[in-house]
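Below is one structure, written out as structure tokens, with a few remarks after it.
The values are calculated or read from the model by the stated rules, or taken from the named source; none is laboratory data. All figures in this text were calculated on a predicted structure; none of them were measured in a lab. Ideal geometry is used to build each Cβ from the backbone, glycine not excepted, and the neighbour counts take in all protein chains shown. What goes into the accessible areas is simple: the full protein's heavy atoms, side chains included, and nothing from ligands, DNA or RNA. Shrake-Rupley method; radii C 1.70, N 1.55, O 1.52, S 1.80 Å.
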Amino acid sequence: GRPLIFVAGGGSFGNAKAHEGSGCKGLDARSYLSSWRDYLERNMRVECSNLEVMLARQLWKNHEGGHFEPGPVLEAIDKGRTPLLLGDELISQGKRRMISSDLLPLFLSRRIRIDRVVMLTDVDGILHDGVALPVFDDKAQQLDIKIGSSGAPDVTGGMKLKVNVMKRLSRQEVQGVICKGTDPERLQHALYDPRPPGTLFPANQAHVFRG
């Protein structure tokens, strides 16, 4: 099958380590990565020793305000390894800039052909009246759906940022899925099924997701 690229988010659909302290300062990086490796090995049959862990700053040509360059990701894939990317802090013109893990698929899709992006969260998908919408399309756009930003003391945008990223990916002809990550059995289905669990953002929806 096609190679996989994993992106570990600071929230990590309920990972307790990611919620300690304030933002990344409370993150026990070693335990955090260990939990991700265990998750992928158990549910995706990814060998822990085969993971290539990368910080977002490694994907910028010039850390001081440079441009995104996915070379390290492609090199890892060419070597038969599986990239595991982490959001990170960059410094541009003397100012700190946080790159949310939710944004990394958008950067990647501009330089690498991607078929589907799956974002795992702690809810079943985009909820309307307590039920996950199977598809976020033009009809869903007409519904009164309240999608909020993160209230956490970090840089994530919560569900609002995820939805905005998925809309932009759709315009780039990339399918998107938002689903619950605390149910590991869903992950394979979310990646490969035509009708995945959670909420599907169909590709090529430029006429729906404008702006």
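A cut-off of 5 Å between modelled amide H atoms, ignoring neighbours fewer than 5 places along the same chain, links GLU69 with TRP60, LYS61.
How much length would be gained if the chain were fully extended between ASP78 and SER49, taking 0.36 nm per residue of separation minus their Cα-Cα distance, in nm to one decimal?
Details: separation 29, 0.36 × 29 = 10.44 nm, distance 1.60 nm.
My answer for the length gained is 8.8 nm.
Say the cut-off is 26 Å between C-alpha atoms; which of LYS139/LYS162; LYS160/LYS180; LYS95/LYS167; LYS79/LYS162 go over it? Walk me through the numbers before you get to the answer.
Working: LYS139/LYS162 19 Å; LYS160/LYS180 16 Å; LYS95/LYS167 29 Å; LYS79/LYS162 30 Å.
Where the Cα-Cα span goes over 26 Å, the pairs concerned are LYS95/LYS167; LYS79/LYS162.
For segment 93-134, what class follows from the C-alpha gyration tensor (a ≥ b ≥ c being the square roots of its eigenvalues): rounded when a/c is under 1.5, otherwise prolate if a/b is larger than b/c, else oblate?
Working: a/c = 4.02, a/b = 1.64, b/c = 2.46.
Note, shape of segment 93-134 comes out oblate.
The accessible-area ordering, largest first, of the residues THR182, THR121 stands as THR182, THR121, per a 1.4 angstrom probe. Segment 38-61 and segment 69-120 have Cα centres separated by 12 Å. You can think of it this way: the chain between LYS61 and THR182 has 40.1 nm of extra reach, that is 0.36 nm per residue less the Cα-Cα gap.
To the nearest 0.05, what FRET efficiency results for ARG2 and LYS139 with a Förster distance of 35 Å applied to their C-beta separation?
After rounding to 0.05, the efficiency reads 0.70.
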